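To start, the structure under review is shown below, and the notes come after it.
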Amino acid sequence: MWSMIPLPPDWLGPRCLAGPNDTDSTPYGCQDWEKNLVDGECEPCPETPGSDCSRCDNHAAPAFVPPCDGCQGSDHHHAIRDIVKVPSTLAPGKYVLGWRWDCEATAQVWSNCADVTLVL
């Protein structure tokens with residue numbers, strides 16, 4: 001099942017961080033001034049291994065109106081809890097629970113899985 005978390009991001013982190021093998025000649029390389037929470041023109045990212053870039057989605061203002069006071073950005077003082085409903089018809093046994101989060105504002109995909117034993 002897919003759902004969107006209705007919390008608008010603002011600053012996602014530094015505008016651009018170079019990868020470990022980036023040099024001054026890396027196409028669209030990160031600039032020193034981009035290591036901070038700064039805004040700027042939307043430009044292509046280096047797309048090199050290890051680089052972290054959000055030049056076109058990183059702003060002080062949220063992308064849409066927050067649903068409640070204080071419900072924007074990422075201050076790391078809040079968490080989002082999800083609930084898994086187990087069908088009552090599922091037989092006891094061993095299962096694997098898969099989880100995937102596609103980030104809306106960055107080119108990141110997070111995934112994880114867990115072994116689950118269902119008992120009566």
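Only protein atoms count toward the accessible area here, which uses a 1.4 Å probe; on region 13-64, the carbon and sulfur part of that area reaches 52 percent. Sorting the segments 26-33, 83-90 by their mean number of nearby beta carbons within 10 angstrom, highest to lowest, gives 26-33, 83-90.
The values are calculated or read from the model by the stated rules, or taken from the named source; none is laboratory data. Source: prediction; values computed, not measured. Reconstructed Cβ throughout: ideal geometry from the backbone, glycine too, with neighbour counts over all protein chains shown. Quick note on the areas: whole protein, heavy atoms, side chains included, nothing else; ligands and nucleic acids left out. Shrake-Rupley method; radii C 1.70, N 1.55, O 1.52, S 1.80 Å.
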